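Novice: This is the structure I want to talk about, given as structure tokens.
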Amino acid sequence: MARTVWDSTVGKKTVMAVSGLIMLLYLVAHMIGNLKIFFGPTEFNHYAHWLRTVGEPFMHYEWTLWLIRVVLVVAVVAHAVCAYQLSRRDIRARPSKYVHQRPRASYATRTMRWGGIILGLFIVWHLLDLTTGTVHSGGFQAGHPYQNVVDTFSTWYGDVIYIVAMLALGLHIRHGFWSAAQTLGVGSRARDRALKTAANVLALLLTAGFIAVPVGVMTGVVS
Ligand code: HEM
């Protein structure tokens, strides 16, 4: 049963929709959390510390955070594997044997594929930058994310990488939210306009909320 669902196109699209929505929930929370940077280092660093103690005393230090990390990794891997398999299937299903006659993938499909690749690379860079500090520009200090974020956005390439990735994220969510609604059967003729508006508003709010942080550092509002 599970095998049949996994092998079917609609099964893979459902996995993409559900994993996408899980990541979207995380992103809304992450974006709101990031905005606390505008209230200064004490509040921001305290919030980062709280992320590690959520659920205590029932949970041990960092257990809830690790639970979230595991769910996110499963969601990212499932999303990427299904995207890859669906796109292989799509290419194989095209009728023509001749490369020059092959119909080009639509604008939305190409944007989703390239956007997905950019976001995958961004997540790796972001974790090496602000979680492990491996590629961080300044002297990375674990437990002091405020200063780490300021250091990242004090370099031109930090600003470029994050702003380009956030624009890709906006486009990806705009189309992805809409596609997920269709896959999960929420779409209908009457509801499609409202769903498109919701997708646009969500994409715009997330992109603007995330980009506010590098812009805050670039303009000296956060320093
Ligand atoms: C301007 C945009 C962003 C900023 C300023 C930012 C900031 C941060 C910071 C400071 C941390 C480390 C938190 C800590 O260790 O306490 C972090 C972790 C993380 N961020 Fe972001 N983030 C941004 C965008 C994103 C986006 C778009 C994604 C996903 C596509 C993302 C995914 C993550 C993940 C998965 C973690 C690791 C959480 C963990 O396991 O500890 N971030 N981010």
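The values are calculated or read from the model by the stated rules, or taken from the named source; none is laboratory data. Just so you know, these numbers come straight off a predicted model, no measurement behind them. Here Cβ is always computed from backbone atoms with ideal geometry, including for glycine, and neighbour counts include all displayed protein chains. Remember, those area values only see protein heavy atoms, side chains included, never the ligands or the DNA or RNA. Shrake-Rupley method; radii C 1.70, N 1.55, O 1.52, S 1.80 Å.
Novice: Taking the conditions exactly as written (closer than 25 Å to residue 217 by Cβ and open to solvent by less than 70 Å² (accessible area, probe 1.4 Å)), does residue 30 satisfy them or not?
Specialist: Judged against the criteria, residue 30 is a match.
Novice: Could you grab the pairs with beta carbons closer than 8 Å, sequence gap of 6+ or different chains, first residue in segment 78-104 and aliphatic (A, V, I, L, M), second one open to solvent by 80 Å² or more (accessible area, probe 1.4 Å) and at pLDDT 80 or above?
Specialist: 86/13
Novice: Kindly state which helices (runs of 4 or more DSSP H) lie completely within segment 98-207 and contain at least 1 residues that are more than 12 Å from the ligand (Cβ to nearest atom) and surrounded by fewer than 15 Cβ atoms within 10 Å (Cβ to Cβ).
Specialist: 107-126, 156-183
Novice: Could I ask something else about it? Restricted to segment 24-62, and to residues that are more than 10 Å from the ligand (Cβ to nearest atom), part of a helix (DSSP H, G or I) and out of contact with any helix residue (DSSP H, G or I) (no Cβ under 8 Å at 6 or more places or on another chain), which residue is farthest from residue 180 (Cα to Cα)?
Specialist: 42
Novice: For the structure I just gave you, tell me whether residue 16 is within 16 Å of the ligand (Cβ to nearest atom) and open to solvent by less than 40 Å² (accessible area, probe 1.4 Å).
Specialist: Spelling it out, it is not the case that residue 16 is within 16 Å of the ligand (Cβ to nearest atom) and open to solvent by less than 40 Å² (accessible area, probe 1.4 Å).
Novice: Taking interchain pairs and intrachain pairs at least six residues apart, which have beta carbon atoms under 6 angstrom, with the first residue in segment 182-193 and touching a residue at least 60 places away in the same chain (Cβ under 8 Å) and the second among the charged types (D, E, K, R)?
Specialist: Listed pairs, sorted by first residue: 183/13.
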